[in-house]
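Asker: Can you keep this structure in mind? I'll have questions shortly.
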Amino acid sequence: MSDKVSYIIPCYNSQKWIWQAVASCYRQDLPFEWEIVLVDDGSSDFTTLACKLLWEQDPGHIKFFAHPTNLGQNPTKIDAIDNSTGNWIFALDHDNALS
């Protein structure tokens, strides 16, 4: 099995920040495969739409899942982990960016 990083990003009302968080994952210079797993936790803004647009732009690197209602941060992180395929997992908050 080759090394692969899964960036998991649980989202809730993240429309302002999700683009920057995802873009920061793309800027990483990794010597192995990677993916981004977005899970929207029942947002009431346009986070679901933003995540769908990101996923549609690069379904080879981005996975997207959504909860119909807000379940909280822990269930959302667990769903992201369960849907990741990497042997390394990096949790990134929706309002943070990697340098």
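The values are calculated or read from the model by the stated rules, or taken from the named source; none is laboratory data. Source: prediction; values computed, not measured. Please note: Cβ atoms are built from the backbone with ideal geometry, for glycine as well, and neighbour counts cover all protein chains shown. Calculation scope for accessible area: heavy atoms of the full protein, side chains included, ligands and nucleic acids excluded. Shrake-Rupley method; radii C 1.70, N 1.55, O 1.52, S 1.80 Å.
Asker: Please compute the net charge surrounding ALA50, taking Lys and Arg as +1 and Asp and Glu as -1 over other residues with Cβ under 14 Å from its Cβ.
Answerer: Numbers: positive: LYS16, LYS52; negative: ASP40, ASP41, ASP45, GLU56, ASP58, ASP95.
Every neighbour counted, the sum reads -4.
Asker: Pull up all non-local amide H partners of LEU98: gap of 5 or more, or a different chain, and H-to-H distance under 5 Å with H placed in the peptide plane.
Answerer: Those lying under 5 Å, H to H, from LEU98 are SER24, CYS25.
Asker: Using a 1.4 Å probe on the protein heavy atoms only, what accessible surface does HIS61 show? Give it in Å² to the nearest 10.
Answerer: 60 Å²
Asker: Taking 8 Å as the Cα distance limit and 6 or more residues as the minimum spacing, I'd like the relative contact order of the chain as a percentage.
Answerer: For the chain, the relative contact order is 46 percent.
Asker: List the trypsin sites (Lys or Arg not before Pro) within the stretch 15-99 that fall in a DSSP loop (any state other than H, G, I, E or B) and whose Cβ has at most 10 other Cβ atoms within 10 Å. If you can, show how the numbers build up before the last one.
Answerer: Numbers: sites: LYS16, ARG27, LYS52, LYS63, LYS77; in loops: LYS16, ARG27.
Passing both the DSSP loop test and the Cβ count: ARG27.
Asker: Relative to 2.2 N^0.38 Å, what does the C-alpha radius of gyration of the stretch 1-98 come to as a ratio? Two decimals please.
Answerer: On the way: Rg = 12.3 Å, N = 98, 2.2 N^0.38 = 12.6 Å.
My calculation over the Cα atoms of the stretch 1-98 gives 0.98.
Asker: Quick one: which residues, 5 or more positions from ILE89 or on another chain, have an amide H under 5 Å from its amide H? H modelled 1.01 Å from N in the peptide plane, none for Pro or chain starts.
Answerer: It is SER6, by chain and number.
Asker: Report, in whole Å, the centroid distance computed from the Cα atoms of the stretch 5-38 and the stretch 83-99.
Answerer: Comparing the Cα centres of the stretch 5-38 and the stretch 83-99, I get a distance of 6 Å.
Asker: Rank these by accessible area, largest first, 1.4 Å probe: SER44, SER2, SER14, SER99. Let's see the in-between values first.
Answerer: Values: SER44 100, SER2 70, SER14 0, SER99 140 Å².
Ranked from most to least accessible, the order is SER99, SER44, SER2, SER14.
Asker: Counting only residues 5 or more places away or on other chains, whose amide H sits under 5 Å from the amide H of LYS63 once H atoms are built in the peptide plane?
Answerer: It is ILE36, VAL37, LEU38, by chain and number.
Asker: The chain: which chymotrypsin sites (Phe, Trp or Tyr not before Pro) are DSSP loop and have at most 13 other beta-carbon atoms within 10 angstrom? Provide the component values of the computation, followed by the final result.
Answerer: On the way: sites: TYR7, TYR12, TRP17, TRP19, TYR26, PHE32, TRP34, PHE46, TRP55, PHE64, PHE65, TRP88, PHE90; in loops: TYR12, TRP17, PHE32, PHE46.
Loop-located and lightly packed - PHE32.
Asker: Then there is this: Net charge near ALA66, counting Lys/Arg +1 and Asp/Glu -1 over other residues with Cβ under 15 Å of its Cβ? Don't jump to the answer; show the numbers that get you there.
Answerer: On the way: positive: LYS52, LYS63, LYS77; negative: ASP40, ASP41, ASP45, GLU56, ASP79, ASP82.
Summing Lys/Arg as +1 and Asp/Glu as -1 gives -3.
Asker: So between LYS52 and ASP3, what do we pick up on full extension, going 0.36 nm a residue minus the alpha carbon distance? Before the final figure, lay out each step's value.
Answerer: Values: separation 49, 0.36 × 49 = 17.64 nm, distance 2.65 nm.
15.0 nm is the gain from fully extending LYS52 to ASP3.
Asker: Please compute the net charge surrounding TRP17, taking Lys and Arg as +1 and Asp and Glu as -1 over other residues with Cβ under 10 Å from its Cβ. Write down the numbers at each step before the final one.
Answerer: Details: positive: LYS16; negative: ASP93, ASP95.
Once positives and negatives cancel, what remains is -1.
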